[in-house]
1. Based on the mean of other beta carbon atoms within 10 Å per residue, what is the order of 98-104, 115-121, 83-89, most packed first?
2. Starting from one equal scatterer on each C-alpha and no solvent at all, send me the Debye-based log10 I(q)/I(0) for segment 83-175 at q = 0.12, 0.15, 0.16, 0.18 Å⁻¹, two decimals.
3. Cross-link partners among aspartates and glutamates for K174, C-alpha distance below 13 Å, same-chain residues fewer than 8 apart left out?
4. Going by amide H atoms built from the backbone, whose H comes under 5 Å of the H on Y35, apart from near neighbours?
5. Place a +1 charge on the Cβ of each Lys and Arg in segment 6-174 and a -1 charge on the Cβ of each Asp and Glu, then give the dipole magnitude about the Cα centre in debye, rounded to the nearest 20.
6. Can you list the residues, at least 5 places off or on another chain, whose amide H is less than 5 Å from the amide H of V50, using H built in the peptide plane?
7. Each residue of segment 91-107 in turn: what ³J(HN,Hα) in whole Hz from Karplus with 6.51, -1.76, 1.60 and θ = phi - 60°, glycine and Pro shown as x?
8. Taking the Cα centroid of segment 72-90 and of segment 27-64, what is the distance between the two, rounded to the nearest whole Å?
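Every number in this text was worked out from the coordinates using simple rules, so none of it is lab data. This is a predicted model, so every value here is computed, not measured. Cβ sites come from the backbone with ideal geometry, for glycine too, and all protein chains shown count toward neighbours.
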Amino acid sequence: MMKYNDEIIDFFKSHNLYDKEMFDYLESKTDMVDYQMEEDRAFIGCGYSVDRKTKRLVNFRICIPYCYDDKTTLISIHEIAHGIWAYKHLNKKFKEIEVELFPMLLERIYLMENTSTALTSYTAYLDSTIDDEADEKYRFALSNRDILLKENYSDFSSIDRRTKKLVRKWCKAKR
């Protein structure tokens, strides 16, 4: 059973982020829930397994909603973006501060391509939940997403390299 619908696949293809082998792997790591069931929403996300000794990412699991509208598609794109990030970083040092920027960037791109009042309101709400008390990875992603959005990247590797530079700058500014 194909878990990612054509709209999701087409989105990633249109942004040069689709690789069949990778997406087959991601689908094998994906569970789906019904977003209409409020109690199931808590399961949506991407969980990472990090080796305690080496601090390397060794596994991950994605949970997305069945896609039936722009909101559930946006949520799925965000979580699949986490999966792409994890897939590309398997067996590498895990830096939690990096994990939200790529998904939030793709979320914004999807919004720009699919404007609707409901989607605009939902993404504005999500952004509003990130304040000074929010986890650093969310603050970092929100404050750097628009920087990446203005720049032109052709693939994941170039986005990842730029993210690492932004992380170094962020951490240096905190000292």
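1. So the order, starting with the most tightly packed, is 98-104, 83-89, 115-121.
2. Treating every Cα as an identical point scatterer, log10 I(q)/I(0) equals -0.40, -0.62, -0.70, -0.88.
3. E136
4. It is Y66, by chain and number.
5. Charge dipole of segment 6-174: 1520 debye, to the nearest 20.
6. It is V58, by chain and number.
7. 6, 10, 4, 8, 10, 4, 4, 7, 5, 9, 5, 4, x, 5, 5, 5, 4
8. Cα centroid to Cα centroid, the span is 10 Å.
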